[in-house]
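Here the structure comes first, spelled out in structure tokens, and everything after it is commentary.
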Amino acid sequence: MTKTVVVTGANSGIGLATAHELAARECKVVLACRNQGRAEQARAEILARTPGADLEIALRARREGVVPAE
């Protein structure tokens, strides 16, 4: 059974390292970030190292909560 995990701050630092490791372990990883561009860069970096990784981006709007990226 595939596990789904949400990683906050997944576009840099410990969050990005965690997302890399979980993707390598074949988890579905939801990259929870505030900035669309940086989230896309993180996604591309993870896919370059782990082709076929199951990744999704969720953006946090300042007051509105978490919304899926388009």
Give me the angle, in degrees from 0 to 90, between the Cα long axis of helix 36-49 and the longest principal axis of the Cα atoms of the chain, rounded to the nearest 10. 0 degrees
Cα-based helix-to-principal-axis angle, 13-24 vs the chain, degrees rounded to 10: 40 degrees
Accessible area of the chain divided out per residue, in Å², using a probe of 1.4 angstrom: 69 Å²
Percent accessible area from carbon and sulfur atoms, the chain, protein chains only, probe 1.4 Å: 49 percent
Which longest run of the chain has no exposed loop site in it, a site being trypsin sites (Lys or Arg not before Pro) in a DSSP loop with at most 12 other beta carbons within 10 Å, and the site itself not part of the run? 26-61
Pairs of alpha-carbon atoms within less than 8 angstrom and 6+ residues apart define the contacts here; what relative contact order does the chain have, in percent? 30 percent
Residues whose built amide H sits under 5 Å from the amide H of Ile57, excluding neighbours closer than 5 in sequence, are Leu31, Ala69
Could you give the length gained on full extension between Arg25 and Arg49, defined as 0.36 nm per residue of separation minus the Cα-Cα distance, in nm? 7.4 nm
The chain: translational diffusion in µm²/s, Stokes-Einstein, Kirkwood Rh over Cα pairs, 25 °C, 0.890 mPa s: 209 µm²/s
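The values are calculated or read from the model by the stated rules, or taken from the named source; none is laboratory data. Everything numeric in this text was worked out from a predicted model, so none of it was measured. Glycine gets a Cβ as well: all are built from the backbone with ideal geometry, and neighbour counts include every protein chain shown. All accessible areas refer to the heavy atoms of the entire protein, side chains included, with ligands and DNA or RNA removed. Shrake-Rupley method; radii C 1.70, N 1.55, O 1.52, S 1.80 Å.
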